[in-house]
1. Percent of alpha carbon pairs in segment 197-325 separated by more than 20 Å?
2. Using Cα-Cα distances under 8 Å and only pairs 6 or more residues apart, what relative contact order does segment 329-521 have, in percent?
3. Give the order of 397, 322, 134 when sorted by the count of other beta carbons within 10 angstrom, beginning with the fewest.
4. Using Cβ counts within 10 Å as a stand-in for footprinting exposure, how do 417, 427 rank, fewest first?
5. Order of 173-184, 110-121 by packing, highest average Cβ count within 10 Å first?
6. On alpha carbon coordinates alone, what is the Rg over Rh value for segment 275-427, Rh being the Kirkwood radius?
7. What are the extents of the Cα atoms of segment 1-99 along their three principal axes, listed from largest to smallest and rounded to whole Å?
8. Counting other C-beta atoms within 10 Å, which of 185, 420 has the fewest, and how do the rest follow?
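What follows is calculated from the coordinates using simple rules that are stated; it is not laboratory data. In this text the structure is predicted, and so the values were computed from the model without any measurement. So basically every Cβ, Gly included, is an ideal-geometry build from the backbone, and we count neighbours across all protein chains shown.
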Ligand code: FRU
């Protein structure tokens, strides 16, 4: 039954068929957005023998598919074209750097540039014969050395980029420098090194904001051992080419906040010169089995592109869906001032809720009923989501939130919800997406995901939730985008497109929906 088109996404990017994973080299060039991606043109499963799919768009919503941009062809990439990034060189000249698997399976970094800069779609790519431009040196395990980042230009006139690897069980980001973008030499120090985290994939590193004269940088790593993307903020010491994380962050990078607490991996950002913003793309992997993926003939989607910003104090990353996605909003529902007393469950009627955009604001009367917080809980939010779930375990303030892609008897539903706890001198807000009841079908990965939302509920008196529902994906933004959770779910009720949406509150304290807006979403044109 997973072969049903009901599970395909309508406005989240996915190729018409077969396997896709990481976004590669997203860029904006001469009025056109480019998205490349890890693609298997021969089937719906991952293979080392990867190609680069290529799609273009003028609005980041509707996409036209082009021919493959890179396919294994030369000794330096004959066994696979893996992930990489774009850099726009002076004179408006885009280049990409990517990882090639060479004749002996080593991971090397290669360059490719467009054959014809006057083709606005940059269809054809040339791999110069001086590739590879970076080879693994002695200390590096050649099987764990990949995903070159976008390069940045130092004040000394040298380009820098970073490549992820593993040395002595610790993940790290090595810096390479070049004057001419052809010859690259390793810098003395790694950009950042951490003990015991496992291999770092798809490292991204960029300036985010000026705060009191100093530039805040963000380091993002995709940790192969946990299959999550983590980030940390700090400063960049250009003299020594090292990143120094802010003091308050944990030394254990697995404790850093996640880009998304759900199904998101290998994210990559680019600067959109047209609108002066930084946009994040990311792969959302399936939760269906390999056999199911083969049966449905496709696997992997991209999350909706997210605009990145930082809170004024420079401590929290904020992610928000690009405004362009709102152009797909159609019929609207608008509700106000709905009291959600303990145990209540209110159906949001009148929309086709398998393809919708929902924005809701929950308001608290007071916080005195919040349950006490146990400091040990910070280490494992998913466990807390499982134990303090939206079903049996009624708490003080919350669980409250939405039940999406729900059957009318709730036999199937994905619960996206919050719980507020009282900690030492502050409140802790847990956000969860519980997928354990998302489908009656077995052989699916149905976790409960969650993390803490860094907001001041006492000051704000409310918390917002935006949820983008698109058939097999539920992408949620809590606290204005301060915590995100993406779920991939396969409810059998989608087969008859008979899904419902409810707002609920199973906490003992009343919560009010001050406002709820929801829209049907038109499908994006993606060819
Ligand atoms: C991340 C990743 C990258 C690699 C690519 C291969 O998902 O493993 O490290 O370049 O996928 O498809």
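1. Working: 4098 of 8256 pairs.
Every Cα pair in segment 197-325 considered, those over 20 Å come to 50 percent.
2. Details: 514 pairs, mean separation 78.5, N = 193.
For segment 329-521, the relative contact order is 41 percent.
3. Details: 397 28, 322 19, 134 24.
Ascending Cβ contact count within 10 Å gives the list 322, 134, 397.
4. Working: 417 28, 427 18.
The most exposed by this proxy come first: 427, 417.
5. On the way: 173-184: 17.9, 110-121: 16.0.
In decreasing order of mean packing, 173-184, 110-121 become 173-184, 110-121.
6. Working: Rg = 18.8 Å, Rh = 19.2 Å.
Taking Rg over the Kirkwood Rh, I get 0.98.
7. For segment 1-99, the Cα extents along the three principal axes come out at 51, 36, 17 Å.
8. Numbers: 185 13, 420 28.
Lowest to highest Cβ neighbour count: 185, 420.
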